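Reviewing the structure listed below.
Computed from the coordinates by the stated procedures, all read-outs in this text should not be read as laboratory data. None of the values given here were measured: they were computed from a predicted structure. Because the Cβ atoms are built from the backbone with ideal geometry, glycine has one as well, and the counts that use them run over all protein chains shown.
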Amino acid sequence: MNSLHLAADPAAIIRQLHVASDCLHLPYTQEIIARSGLPVQIIGERDCPDIAGVYPANLSAGKRHLVLCANRGAFFKPCPGTKEYRCCDYQVLNIGMNCPMDCVYCILQSYLNNPWLSFFVNVEDLFSELASKLAARSEQLFRIGTGEFTDSLALDRLTHFSSKLVPFIGQQANAVLELQTKSANIANLQHLDHCGRTIVAWSLNSPAIMHQEELRTATLAQRLNAARHCASWGYRLAFHFDPIILHPGWQEGYQNTIRQLFATVPAEAIAWISLGALRYLPSLKQIAAARFPFSRFFYQPFIDGLDGKRRYFRSERVAMYRFIVRELKCHVAPSTCLYFCMENDTVWREVFGFSPIERGGIPAMLDRSLHWL
């Protein structure tokens with residue numbers, strides 16, 4: 001299978017379905033099995049696929065296996081931010097674990113302990129929990145994302161989960177959904193009744209980073225064309241420059257991406273754009289170095305941040321942010337919120353000239369950008 005097809009549909013890498021026995025009877029499970037056309041192995045409800053090798057060395061092979069199973073814990077939780085850096089109070093809806101794409105810097109490599117992909121098929125439990133928690137705090141506006149532990153749309157050709165989730169969120173008075181992806185899997189979004197409450201978001205980077213460090217992802221042109229289509233279907237958009245990575249020609253690279261973005265997508269359709277410099281758990285370096293020996297950016301100078309993650313020196317982060325923010329401000333609509341993901345007040349002031357608390361906090365800044373609701 002050629003790399004272009006894998007980029008357009010990263011789920012095409014999957015070669016085997018494994019179905020937990022206690023989920024086999026679910027109509028949704030049977031729907032996914034029929035749609036996939038893949039061979040199916042029935043496993044015990046607490047059993048694992050037999051994938052040769054030891055994690056993380058078998059991660060590449062593991063991404064060819066998809067497990068359909070039940071989530072026995074909570075589906076809906078606050079984003080695990082840290083108190084040392086400003087957080088946006090994102091709420092995570094956990095629909096599965098791991099991703100068929102393979103980004104060198106992906107934190108899931110050091111966060112997970114198994115190589116396969118999982119998707120949770122007990123969606124009745126998910127919607128029941130979500131409805132209950134939204135109703136219990138009806139005065140709060142929840143910004144909800146499904147892209148914390150997996151890509152929001154990478155498996156959507158198989159699962160069609162967006163066709164269930166987007167209309168549900170459209171009927172909630174106090175919720176906004178963000179579907180964040182590096183794919184171009186938007187076909188299922190076209191005719192959904194989203195009521196303006198779903199934002200479709202893409203992670204963007206310098207073309208060199210996207211090409212070299214984000215394997216089996218959609219190209220920049222594919223992502224932006226997908227965004228343009230979503231805007232034409234009435235969806236609001238978001239973009240995330242995260243992780244921003246120092247590399248030869250980084251200024252020209254990020255400038256090129258930003259200019260292509262605004263040449264393709266209507267600025268007024270963009271709700272928010274986030275920026276975050278590369279940060280990673282120390283254990284990730286060894287894992288990524290073994291899996292991707294061609295990659296060199298982990299060997300740059302880093303310091304240990306207050307959250308235990310390695311970060312660029314503040315002066316380097318500020319220099320990158322200032323350059324990218326200056327370029328973005330040449331194009332963004334006044335209503336678009338620019339913000340940092342997990343940065344401190346000092347960096348905010350050095351780049352934007354204010355700290356989030358002076359504008360009511362990041363959650364309030366993002367809520368104000370939802371002016372069309």
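Using Cα pairs closer than 8 Å and at least 6 residues apart in sequence, work out the relative contact order for the range 3-368, in percent. Before the final figure, lay out the partial values.
Working: 656 pairs, mean separation 59.0, N = 366.
Across the range 3-368, relative contact order equals 16 percent.
The peptide list 107-113, 216-222, put in order of mean Cβ contacts within 10 Å with the highest first, becomes 216-222, 107-113.
Modelled spin-label separation between Arg137 and Cys195, with each label point placed 7 Å from Cα along the Cα-to-Cβ direction: 2.0 nm. Length gained on full extension, Ile42 to Gln212: 57.5 nm, using 0.36 nm per residue less the C-alpha separation.
Rank by packing, highest mean first: peptides 361-368, 292-299, with packing defined as the count of other Cβ atoms within 10 Å averaged across residues. Mind dumping the intermediate values first?
Values: 361-368: 17.0, 292-299: 12.9.
In descending order of packing, they fall as 361-368, 292-299.
Sparsely packed loop sites in the range 87-158 (the GluC sites (Glu not before Pro) outside DSSP H, G, I, E and B with at most 12 other Cβ atoms within 10 Å) comprise Glu139.
Pairs of Cα atoms in the range 149-257 fall into 10 Å distance bins, from 0 up to the last occupied one, in shares of 14, 45, 28, 11, 1 percent. For the pair the range 176-193 / the range 276-343, the C-alpha centres are spaced 26 Å from each other. With a Förster radius of 30 Å applied to the C-beta separation of Asp307 and Leu24, the computed FRET efficiency comes to 0.15.
Straight-line reach from Lys133: taking Cα to Cα under 21 Å and skipping same-chain neighbours fewer than 8 places apart, the lysines in range are Lys77, Lys164.
In what sequence do His18, His25 fall when counting other Cβ within 10 Å, fewest first?
Numbers: His18 23, His25 8.
Exposure proxy ranking, most exposed first: His25, His18.
Each Cα pair of the chain feeds into the Kirkwood radius, which the Stokes-Einstein equation turns, at 10 °C and 1.306 mPa s, into a diffusion coefficient of 75 µm²/s. Label separation (Ala52 vs Lys329): 5.7 nm, computed from points 7 Å beyond Cα along the C-beta direction.
Label separation (Asp125 vs Leu246): 4.6 nm, computed from points 7 Å beyond Cα along the C-beta direction. For the range 285-373, what is the convex hull volume of the alpha-carbon atoms per residue, in Å³? That works out to 154 Å³ per residue.
What share of Cα pairs, in percent, lie more than 18 angstrom apart in the range 63-169? It would help to have the intermediate numbers written out before the result.
Values: 2958 of 5671 pairs.
Summing the P(r) of the range 63-169 above 18 Å gives 52 percent of all pairs.
Express in nm, to one decimal, how much length is gained between Glu31 and Thr346 on full extension, taking 0.36 nm for each residue of separation and deducting their alpha carbon distance. Present the calculation step by step, with values, prior to reporting the outcome.
Numbers: separation 315, 0.36 × 315 = 113.40 nm, distance 5.09 nm.
Length difference between fully extended and current span is 108.3 nm.
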